[in-house]
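Read the structure below first, then the notes.
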Amino acid sequence: MATEQELQSLFNTLDTDQDGKVSLNELFSSPGLSAVILAETGASSPQELLAQYNSNGGITFEELKEAVKKASNFN
């Protein structure tokens, strides 16, 4: 279970272009961090995660936080 601060740090690390969202390419560029995100959200793949929350070319921190809350992995 991640805290909001841990999740924000992970998100910031994945958001390499610092546009406020994590794209599919950014998720694939860091497999280890992607695995943590997938474990926290319960998604089976980056594609599944983005299919659920990708309304703007990537997943925002708020959308990621919502996904983690839905998976009941948020402290």
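Values quoted throughout were computed directly from the atomic coordinates according to the rules given, and no laboratory measurement underlies them. This structure is a prediction, so every number in the text was calculated from the model and none was measured. Cβ sites come from the backbone with ideal geometry, for glycine too, and all protein chains shown count toward neighbours.
The amide H of Asp15, built 1.01 Å from its N in the peptide plane, has no neighbour under 5 Å, considering only residues 5 or more places off or on other chains.
For Ala2, nonlocal amide neighbours, meaning residues 5 or more places apart or on other chains whose placed amide H falls under 5 Å from its own, are Asn75. 3J(HN,Hα) along the stretch 26-36: 5, 5, 6, 6, 9, x, x, 5, 4, 4, 5 Hz, from the Karplus curve 6.51 cos²θ - 1.76 cosθ + 1.60 with θ = phi - 60°, whole Hz, x for Gly and Pro. Out of these labelled values of Rg and Dmax of the Cα atoms in Å, (1) 10.7, 29; (2) 18.2, 67; (3) 15.8, 48, which was calculated from the coordinates shown here? Computed from these coordinates, Rg and Dmax of the Cα atoms in Å corresponds to label (1). For the pair Lys70 and Leu33 in one chain, pulling the backbone fully straight at 0.36 nm per residue adds 11.4 nm over the alpha carbon distance. By the count of neighbouring beta-carbon atoms within 10 Å, fewest first, Val68, Val36 end up ordered Val36, Val68.
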